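The values are calculated or read from the model by the stated rules, or taken from the named source; none is laboratory data. All values reported here derive from a predicted model rather than from experimental measurement. Note that we place each Cβ from the backbone using ideal geometry, even for glycine, and neighbour counts take in every protein chain shown.
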Amino acid sequence: MRRMSRERRIYQVLGAFALIAFAAALASCGGGEEPYVRESYLMGTKAIVTIYGMDPGAADSAAAAGIREMHRVESILSTWREDSDLSRLNASPGGEPVRVPPEVIDVLAQAYAFSELTGGAFDVTARPLVRLWGFQGGEAALPSDEAIEAARQLVGWRKISFDTEASTVTLLGGATVDVAGIGKGYAVDRCAEILREHGVRRALVNLGGNMYAIGTPPGRKGWTIGIRDPESGTRMIGRLVIRDEGVSTSGNYENFVTIDGKRYGHIIDPRTGHTVDHVLAVTAVAATATAADAFSTAMFVLGPEDARAVVTADPSVRAVFSLPGGGCRAIGDFGGRLEMETSCGR
Ligand code: ADP
Ligand code: MG
């Protein structure tokens, strides 16, 4: 058994860049007018803010403020930094209320709601299982059934309780939290909010494949987002158009460990404790980037059949699945705003 964190890191970065590069390329063909584009690097990936319809000075200060906001979100939601609120919460003995800032409670409460909504396919307390498989600082090695069972005992979103008035969170039964599955989406939504406050009416915020579209590029119906073939790296299996909503892609090809020659992806089914290999990638659209981020992770776990329940519960949600063996599946009502290659990429 070998640890291949360097390889994993390289694939993660390359994958994120490939996705972003394409989305940005599409974003820049907006009816002749040149967009303003500003980039940064945060949460282990690239951030790109594209703005149309503003003079360069105004666009520059809006984008700078939006990117500053994403860096702020990274610092409050990090579990890599020992002094962050989440790390402090996770290090606490449990069973006792721990004071955290209202914004952290808000993000955790959203993550809790998505955990409940998806029946635990997305689970804000999945961290022990995620680490057991070698992610989030864990050591990559094939876990024994006993180790999986022991970690599963620590997982379950109902082990968290909130007191919003006192601004406290209580973790029970050895639970720990992290928001890796929705943090990028939340950062994107915060950035979009700041852009709007600066008067931006046409923009795309993209953080490693987690995006939010404000309005449309000039003369267009929306922002065209390419859906990559997870097995080829450059080829597209389709494209969709979004406006005033979020989109997120979760995939196994960007972040995985190799143990005894076999790849294990970074998304875990909290209900079984095993990594998921029945899906290669999911691109989910939802009202916010936070929701799209949570749903893409959850739907990855659920697979296209079980994910229909999510789409039925919230008709604004829709998704495209890339499946092993070259298949793909779209669920939900895209209303003519999805174009797939007939062969689904092959
Ligand atoms: P990315 O971080 O690449 O944008 P996702 O949004 O799909 O991808 O989040 C995956 C991350 O979330 C994993 O790296 C892991 O830390 C954590 N995670 C894995 N499985 C789950 C799950 N079932 N529920 C919640 N978080 C998960
Ligand atoms: Mg996610």
**OP:** Taking S322 as the residue in question, decide whether it is buried (at least 24 other Cβ atoms within 10 Å of the Cβ) and away from ligand 2 (no atom under 15 Å from the Cβ).
**Re:** yes
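Just checking, which of E193, E165 is more than 16 Å from ligand 2 (Cβ to nearest atom) and either assigned to a strand (DSSP E or B) or over 24 Å from the mean Cα position of the chain (by Cα) (or both)? Give the steps one after another, and end with the answer.
Values: E193 fails: either assigned to a strand (DSSP E or B) or over 24 Å from the mean Cα position of the chain (by Cα) (or both).
Of E193, E165, the one residue that is more than 16 Å from ligand 2 (Cβ to nearest atom) and either assigned to a strand (DSSP E or B) or over 24 Å from the mean Cα position of the chain (by Cα) (or both) is E165.
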**OP:** Consider V241 carefully, then state whether it is crowded, with 24+ Cβ neighbours inside 10 Å and either among the basic types (K, R) or under 21 Å from the mean Cα position of the chain (by Cα) (or both).
**Re:** no
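Looking at the range 83-138, what helices (runs of 4 or more DSSP H) fall wholly within it and have at least 2 residues that are under 17 Å from the mean Cα position of the chain (by Cα), closer than 16 Å to V179 by Cβ and more than 9 Å from ligand 1 (Cβ to nearest atom)? Explain how you work it out, then say what you get.
Working: elements: 85-91, 102-117, 127-132.
Passing ranges, in order: 102-117.
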**OP:** Among the residues of the range 284-308, write down those that are of a type outside the set (D, E) and in contact (Cβ under 8 Å) with a residue 60 or more places away in the chain.
**Re:** T288, A289, T290, A291, A292, A294, F295, T297, A298, M299, V301, L302
Subject >> Residue check for T258: in a strand (DSSP E or B), among the β-branched types (V, I, T) and within 28 Å of K159 (Cα to Cα) >> reply: no
**OP:** Just give me the residues in the range 288-314 being outside any loop (DSSP other than H, G, I, E, B), among the hydroxyl-bearing types (S, T, Y) and away from ligand 1 (no atom under 13 Å from the Cβ), in sequence order.
**Re:** T312
**OP:** Find all pairs meeting these conditions: Cβ atoms under 8 angstrom apart; at least six residues apart or on different chains; first residue within the range 203-218 and within 10 Å of C191 (Cβ to Cβ) and within 16 Å of ligand 1 (Cβ to nearest atom); second residue assigned to a loop (DSSP other than H, G, I, E, B) and not aliphatic (A, V, I, L, M).
**Re:** Y212/T288
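Look through V285, V247, V279 and report the one residue that is surrounded by 15 or more Cβ atoms within 10 Å (Cβ to Cβ), assigned to a loop (DSSP other than H, G, I, E, B), modelled with pLDDT of 95 or more and hydrophobic (A, V, I, L, M, F, W, C).
Working: V285 fails: assigned to a loop (DSSP other than H, G, I, E, B); V247 fails: assigned to a loop (DSSP other than H, G, I, E, B).
So the residue among V285, V247, V279 that is surrounded by 15 or more Cβ atoms within 10 Å (Cβ to Cβ), assigned to a loop (DSSP other than H, G, I, E, B), modelled with pLDDT of 95 or more and hydrophobic (A, V, I, L, M, F, W, C) is V279.
Looking at G226, G120, G173, which is the one that is within 16 Å of ligand 2 (Cβ to nearest atom) and surrounded by fewer than 24 Cβ atoms within 10 Å (Cβ to Cβ)?
It is G120.
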**OP:** Report, by residue number, each residue of the range 112-142 that is out of contact with any strand residue (DSSP E or B) (no Cβ under 9 Å at 6 or more places or on another chain) and among the hydrophobic types (A, V, I, L, M, F, W, C).
**Re:** A113, F114, L117, F122
**OP:** Among the residues of the range 153-170, count how many are among the aliphatic types (A, V, I, L, M) and touching a Leu at 6+ places or on another chain (Cβ under 7 Å).
**Re:** 3
**OP:** Enumerate the pairs (first residue in the range 64-83 and touching a residue at least 12 places away in the same chain (Cβ under 8 Å) and farther than 10 Å from R190 by Cβ; second residue anywhere and in a helix (DSSP H, G or I) and among the small types (G, A, S)) with beta-carbon separation below 9 Å, excluding pairs fewer than 6 apart on the same chain, so at least 6 apart or on different chains.
**Re:** H71/A187; E74/G183; E74/A187; L77/G183; L77/A187; T79/S87; W80/S87
**OP:** Inspect all residues belonging to the range 278-290 and state whether any of them is touching a His at 6+ places or on another chain (Cβ under 9 Å) and either of a type in the set (S, T, Y) or more than 16 Å from ligand 2 (Cβ to nearest atom) (or both).
**Re:** no
**OP:** Can you confirm whether the range 213-224 contains a residue that is polar (S, T, N, Q) and assigned to a strand (DSSP E or B)?
**Re:** yes
Original post:
Here is a list of conditions, (1) within 16 Å of L86 (Cβ to Cβ); (2) touching a residue at least 24 places away in the same chain (Cβ under 8 Å), and R131 meets all of them except one; can you say which number that is?
Top reply: (2)
Original post:
Within the range 305-326, is there a residue that is under 19 Å from the mean Cα position of the chain (by Cα), under 28 Å from G138 (Cα atoms) and among the hydroxyl-bearing types (S, T, Y)?
Top reply: yes
